[in-house]
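For reference, the structure is listed below as structure tokens.
Just so it is clear, none of the values below were taken in a lab; they were calculated from the coordinates. Note that the structure is a prediction, hence the values are computed from the model and not measured. Here Cβ is always computed from backbone atoms with ideal geometry, including for glycine, and neighbour counts include all displayed protein chains.
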Amino acid sequence: MKNHFINQRYWALLLSGLLLSSTCFAQSPNAQQILDRCVQAFGGKAAINSVKYIKSSFLAHYHMLEQSERPEGPYIVAYEDGSEIKDLTNPGFRREMTSKSLLAQSKQIDIFEKDLLVRDFSGRAFPLPGDFAQQARLYFLQSPLYLLQQVLKNPNSVQYQGKKTIQGVPNYHLKFNLNQTSIELFINQHTYLLTSVALDTELPNGFFWSIWGKFKAQVYYSLYHLLPGGVRYPQQWDLVRHDLPYKTYTFTKVALHQTINEEEQSQLKIAQKTRTVAKRMNRGNIQSLKIKPKGKFAISDGLFGWKHNWNVGVVVQQNGVYIIEAPMSSGYSEQIIQAVQKQYPTKKIKGVICTSDAWPHIGGVRQYAASGIPIYTQQLNKPILQRIVKANHVSYPDALQKKPKKARFRLLDKKLTLDDPNNPMVIVPANGEGAERMLFIYFPKQKVLYASDMVQYSARRKSFFMPQYLSEVNRIVQEEKWEVDTVFAMHTSPIPWQKVIEAIKKAKQANR
């Protein structure tokens, strides 16, 4: 009787142990098993690894996040129509496309190979700056078949992270590292196809994305097709960067290949002479930008600036100095601060006036925060400036990353006069359509106007960009009853104000 009781107890414990084990497995699935199911859903290991090249035609639209009128949208849109050969064995691609936007239209051929991107113009290939190559590499890392091939080379490196609901659908969350890049896979629990891939990334070499430091680049896959050979492939990719909708690709044609012909193979290569040219180019990151020795311009005593991709102004008053704009990078702002302090060692820098919210216009604002210099800006710009000063720059640390400090914002929602015997100035929120978040600065003694980004004059074309912008500037001039002789701006050295008036009149003339 006792043995019978012990046997019953033994089998009960064993059964409960098996049930507990089964329950635990259901709650914490094995990463390898999930990956195996994912590989099978895509067509199987052999089919995936057999793909060496992908030929595709695509349509795409992307948002100009960095220069749209509002940081949260709506965004200026650009469109692409092209074709591409992607080499999965030696990571690279050749892309031919037409690009159209409000700003420009172009036809181009891009070749990416061995971490170099070149653009072909009429048979001549020119190396593009390092930022372009970094973005090309990021695009390549978001290719689902390439990622699966890399995971299959080292499946034991994949780690289970839990479950996550995406777009209302439950997903398994896996993670692995590829060449020191952390990559997250989100796999649909029902279909075992990839819903999304997310990468921790940095783009420190460009004017636009460098300001965000380390951020997450994520792609969402949809419109899966079953292709010849039994491989499934998503023909829509929605790219999100830093939680912002960046770009959508729709692949209208996709063909998977094990081989391509010799001509196509040669088109994927970058000539050695082009690589030699690329090595001679300055490939440092954006923090190393220098003040242009011949870029200085003077308007009057104590009112001057430096020309660059985005200009900087300096206003010297009796009790201190104000700097107009903090563009591009912390490194560039540091040089501006040092140059001002060297020229005026006894004067305190009392503030930097950030007159716009486009990313490159405020790319150097972190240095002013680190230096404890007050940041004057239109009140609507506080959220984006806060995001910038809180960005994670641990991989390429600037002064603010090394020694965090709370930014000192001076938020403007109405006119501010900074009086001075020599260089008084009046700062006015523009409150326009294009200039919704901008500030204009008027210097009454000199009859000079600083028009932020709203006056863009091309000396080569002898014309202005966007007459609408000019009309917004003129509206403020009329409302404030300012007498203006000279205007300068972020992309425009000092020019006669009369040129702006004439351009507005010309724009208003009816077509005949």
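With the cut-off at 1.5 for a/c, could you classify the stretch 148-285 from its C-alpha gyration tensor as rounded, prolate or oblate?
Because a/c hits 1.5 or more and a/b fails to exceed b/c, the stretch 148-285 counts as oblate.
Please work out the ratio of the alpha-carbon Rg of the stretch 28-280 to 2.2 N^0.38 Å and round it to two decimals. Write down the numbers at each step before the final one.
Details: Rg = 18.3 Å, N = 253, 2.2 N^0.38 = 18.0 Å.
Against the compact-globule rule of thumb, the ratio is 1.02.
By a straight-distance test (C-alpha under 19 Å), which aspartates and glutamates pair with Lys247 as possible cross-link partners, with residues fewer than eight away in the same chain excluded?
Once the sequence-local aspartates and glutamates are set aside, what remains near Lys247 is Glu66, Glu69, Glu72, Glu80, Asp81, Glu84, Glu96, Asp110, Asp131, Asp200, Glu202, Asp238.
Roughly what angle does helix 467-480 make with the longest principal axis of the chain, taking Cα atoms, 0 to 90 degrees, to the nearest 10?
The angle comes out near 50 degrees.
In nm, give the distance between the simple-model label positions of Lys414 and Lys163, each being 7 Å from the Cα along the Cα-to-Cβ direction.
5.6
Just one of [x] 16; [y] 37; [z] 33 is percent of Cα pairs over 42 Å apart calculated from these coordinates, so which is it?
Working out percent of Cα pairs over 42 Å apart from the coordinates points to [z].
Among Glu483, Glu113, what is the fewest-to-most ranking by other Cβ atoms within 10 Å?
Glu483, Glu113
Considering the options Gln343, Leu138, Gly363, tell which one lies farthest towards the positive end of the dipole of the chain, charges being +1 on Lys and Arg and -1 on Asp and Glu at the Cβ, about the Cα centre.
The residue sitting farthest along the positive end of the dipole is Gln343.
Based on Cβ point charges of +1 for Lys and Arg and -1 for Asp and Glu, what charge dipole magnitude is obtained for the stretch 388-480 about its Cα centre, in debye rounded to the nearest 20? Could the numbers behind the result be given before it?
Numbers: 16 positive and 10 negative charges, 104 e Å.
Roughly 500 debye, rounded to the nearest 20.
Past the 25 Å Cα-Cα mark, which pairs from Lys415/Lys445; Lys175/Lys402; Lys296/Lys445; Lys350/Lys462?
Over 25 Å apart, Cα to Cα: Lys175/Lys402; Lys350/Lys462.
By the scheme Lys and Arg +1, Asp and Glu -1, what is the net charge of all other residues having a beta-carbon under 14 Å from that of Leu256?
After counting each charged neighbour, the total is +3.
If packing is taken as the mean number of other Cβ atoms within 10 Å per residue, what is the order of 360-368, 485-493, 163-171, highest first?
360-368, 485-493, 163-171
Nearest 20 debye, what's the magnitude of the dipole of the stretch 286-508 about its Cα centre given +1 on Lys and Arg Cβ and -1 on Asp and Glu Cβ? Mind showing how you got there, number by number?
Details: 33 positive and 17 negative charges, 123 e Å.
Taking the Cα centre of the stretch 286-508 as origin, the dipole is about 600 debye.
Structure shown: which of Lys382/Lys481; Lys52/Lys153; Lys52/Lys114 lie over 18 Å apart, alpha-carbon to alpha-carbon? Walk me through the numbers before you get to the answer.
Values: Lys382/Lys481 29 Å; Lys52/Lys153 15 Å; Lys52/Lys114 16 Å.
The answer is Lys382/Lys481.
Straight-line reach from Lys290: which aspartates and glutamates have a Cα under 15 Å away, not including same-chain ones fewer than 8 places off?
Filter leaves Glu334.
Can you bin the stretch 364-407 into rounded, prolate or oblate? Criterion: square roots of the alpha carbon gyration tensor eigenvalues sorted a ≥ b ≥ c, rounded for a/c under 1.5, prolate for a/b above b/c, oblate for the rest.
Note, shape of the stretch 364-407 comes out oblate.
With a point put 7 Å past each Cα toward its Cβ, work out how far Asn30 is from Lys290 in nm, to one decimal.
Inter-label distance under the simple model: 6.0 nm.
Sort 175-181, 115-121 for me by packing, meaning the mean count of neighbouring Cβ atoms within 10 Å per residue, highest on top.
Sorting 175-181, 115-121 by mean packing, highest first, produces 115-121, 175-181.
For the stretch 286-508, what class follows from the C-alpha gyration tensor (a ≥ b ≥ c being the square roots of its eigenvalues): rounded when a/c is under 1.5, otherwise prolate if a/b is larger than b/c, else oblate? Walk me through the numbers before you get to the answer.
Working: a/c = 1.59, a/b = 1.48, b/c = 1.07.
In terms of gyration-tensor shape, prolate.
Between Lys55 and Arg124, what is the spin-label point distance in nm, taking each point 7 Å from the Cα along the Cα→C-beta axis?
Computed distance between label sites Lys55 and Arg124 equals 3.1 nm.
Looking at the stretch 38-82, which GluC sites (Glu not before Pro) are DSSP coil and have at most 13 other C-beta atoms within 10 Å of their C-beta? Numbers along the way, then the final one.
Details: sites: Glu66, Glu69, Glu72, Glu80; in loops: Glu69, Glu72.
The qualifying sites are Glu72.
To the nearest 20 debye, what charge dipole does the stretch 28-280 have about its Cα centre, counting +1 at the Cβ of each Lys and Arg and -1 at the Cβ of each Asp and Glu?
Around 440 debye, computed over the stretch 28-280.
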